[in-house]
Each structure stands twice: as C-alpha cells, then as structure tokens.
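Chemist: I have a structure here, written as structure tokens, and I will follow up with some questions on it.
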C-alpha cells in the first residue's frame with residue numbers, strides 16, 4: 001500500500017510541475033525576434049468574468065529605444081497568423097511626440113497618435129478596430145517631434161490570440 005501511495009505522490013508532483021511550466025509567464029524581453037516563440041502565454045477568448053483561458057503562442061516580441069533625431073523609425077515584423085499586436089510606447093522627452101504605425105508592404109497606416117511629454121500610450125489592435133488581428137508583414141513605428149529630439153521606448157508583442165495583460169514599463173514583458 002505504501003508503494004502505491006508513493007507512486008501517486010510522484011505522479012502528482014510530475015503533473016503539477018508540467019502544469020506550472022505550461023502556464024508560466026516568461027519574464028524576459030525579446031529584442032526584435034521575428035520567428036514564432038514556443039512560449040505559451042495566457043489569453044482570453046471572452047472578456048466576461050469566468051472566461052476560458054487558452055494557450056497563447058507569441059509570434060515575436062521586441063523592445064526598442066527611439067532617439068537622437070526629430071524623426072526616428074522602429075521597424076518590426078508581425079508573423080502571419082500572429083496579428084494580435086500590443087504596443088506600449090513611452091515618451092521620455094520634455095515635449096509631445098507623434099507616433100504612427102504603418103504596414104510597409106501595403107502602405108496602410110494603422111494609427112497616428114500623440115504622446116504627451118513624459119507619458120505613455122498602451123495601444124492594442126483588438127480594441128482599436130482590429131479584433132480579428134492585423135496583417136502579417138513588415139511594419140514601421142515612426143516617431144516625430146517638431147522641436148526636440150525624440151526620446152522614447154516601445155515594447156511590442158504579437159500573439160495568435162487577443163492578449164490579456166499589458167506590457168510593463170520596467171522592461172519585463174508580460175502577456
């Protein structure tokens with residue numbers, strides 16, 4: 001009987017460890033990686049309370065700084081099938097900046113927004129009119145300032161489903 005109990009204890013620990021590894025959220029920043037990640041993130045299929053949590057596959061994530069000029073581009077790739085994009089942009093400058101997101105392959109401008117001095121913008125494709133995702137391909141996030149050099153940062157992540165949480169300013173990137 002003791003062997004049977006030990007067997008089930010070991011089996012339980014193995015299953016618990018596997019489950020913890022599947023649902024763990026990586027705590028690292030990936031710089032301009034355009035190949036799909038095998039990491040699994042949490043996403044929500046339905047925004048209502050008690051929604052089902054399903055695996056999230058990340059297409060890529062990135063972190064860039066923007067500075068040194070009054071007009072600075074940051075380029076990245078959205079892999080096909082990973083069009084749920086989330087961007088967190090921070091303006092560290094003492095003046096407002098304008099940022100625009102353009103799909104290079106088609107010329108489509110997804111947004112042009114102003115970020116106040118020392119402020120941030122959290123942009124998510126599903127809540128901005130793209131609930132089914134954005135096109136795969138090459139993108140450029142263009143930073144512009146009329147009177148000072150741009151001084152900003154952007155964190156971005158592309159997912160196979162609508163992403164649950166916002167990236168954090170600390171540099172650690174969470175889905």
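The values are calculated or read from the model by the stated rules, or taken from the named source; none is laboratory data. On a predicted model such as this, the values are computed, not experimentally measured, just so you know. Every residue, glycine as well, gets a Cβ built from its backbone with ideal geometry; the counts of neighbours run over all protein chains shown.
Chemist: So which residues in segment 71-90 are assigned to a strand (DSSP E or B) and closer than 18 Å to residue 124 by Cβ, if there are any at all? Explain how you work it out, then say what you get.
Modeler: Kept after step one, since they are assigned to a strand (DSSP E or B), are these residues of segment 71-90: 71-78, 84-90.
Answer for segment 71-90, where residues must be assigned to a strand (DSSP E or B) and closer than 18 Å to residue 124 by Cβ: 74, 76, 78, 84, 85, 86, 87, 88, 89, 90.
Chemist: Could I ask something else about it? Determine the pairs where a residue that is free of Cβ contacts under 8 Å to residues at least 60 places away in the same chain, located within segment 65-76, has a partner that is surrounded by 13 or more Cβ atoms within 10 Å (Cβ to Cβ) and assigned to a strand (DSSP E or B) with Cβ atoms under 8 Å apart, the partner being 6 or more residues away or on another chain.
Modeler: So the pair list comes out empty.
Chemist: Given the condition over 17 Å from the mean Cα position of the chain (by Cα), in a strand (DSSP E or B) and modelled with pLDDT of 90 or more, answer yes or no: does some residue in segment 56-69 qualify?
Modeler: Restricting attention to segment 56-69, the residues satisfying the condition of being over 17 Å from the mean Cα position of the chain (by Cα) are 66-69.
Next, from what is left, pick out any that are in a strand (DSSP E or B): 66-67.
Those left that are additionally modelled with pLDDT of 90 or more: 66-67.
For segment 56-69, residues over 17 Å from the mean Cα position of the chain (by Cα), in a strand (DSSP E or B) and modelled with pLDDT of 90 or more: present.
Chemist: Looking at this structure, is residue 140 part of a strand (DSSP E or B), in contact with a strand residue (DSSP E or B) (Cβ under 7 Å, 6 or more places away or on another chain) and within 20 Å of residue 161 (Cβ to Cβ)? So that I can check it myself, show each step before the final result.
Modeler: Details: part of a strand (DSSP E or B): yes; in contact with a strand residue (DSSP E or B) (Cβ under 7 Å, 6 or more places away or on another chain): yes; within 20 Å of residue 161 (Cβ to Cβ): no.
Criteria not met by residue 140.
Chemist: Take segment 121-137 and flag every residue that is surrounded by fewer than 17 Cβ atoms within 10 Å (Cβ to Cβ) and either in contact with a strand residue (DSSP E or B) (Cβ under 7 Å, 6 or more places away or on another chain) or within 21 Å of residue 65 (Cα to Cα) (or both). Please lay out each step first, then the result.
Modeler: Let us first name the residues in segment 121-137 that are surrounded by fewer than 17 Cβ atoms within 10 Å (Cβ to Cβ), namely 122, 124, 127-132, 135, 137.
Answer for segment 121-137, where residues must be surrounded by fewer than 17 Cβ atoms within 10 Å (Cβ to Cβ) and either in contact with a strand residue (DSSP E or B) (Cβ under 7 Å, 6 or more places away or on another chain) or within 21 Å of residue 65 (Cα to Cα) (or both): 122, 124, 128, 135, 137.
Chemist: Another question, then. Only residues in segment 109-135 that are at positive phi and at pLDDT 95 or above count as the first member; pair them with residues that are in a strand (DSSP E or B) and surrounded by 15 or more Cβ atoms within 10 Å (Cβ to Cβ), Cβ under 8 angstrom, at least 6 apart or cross-chain, and list the lot.
Modeler: 118/91
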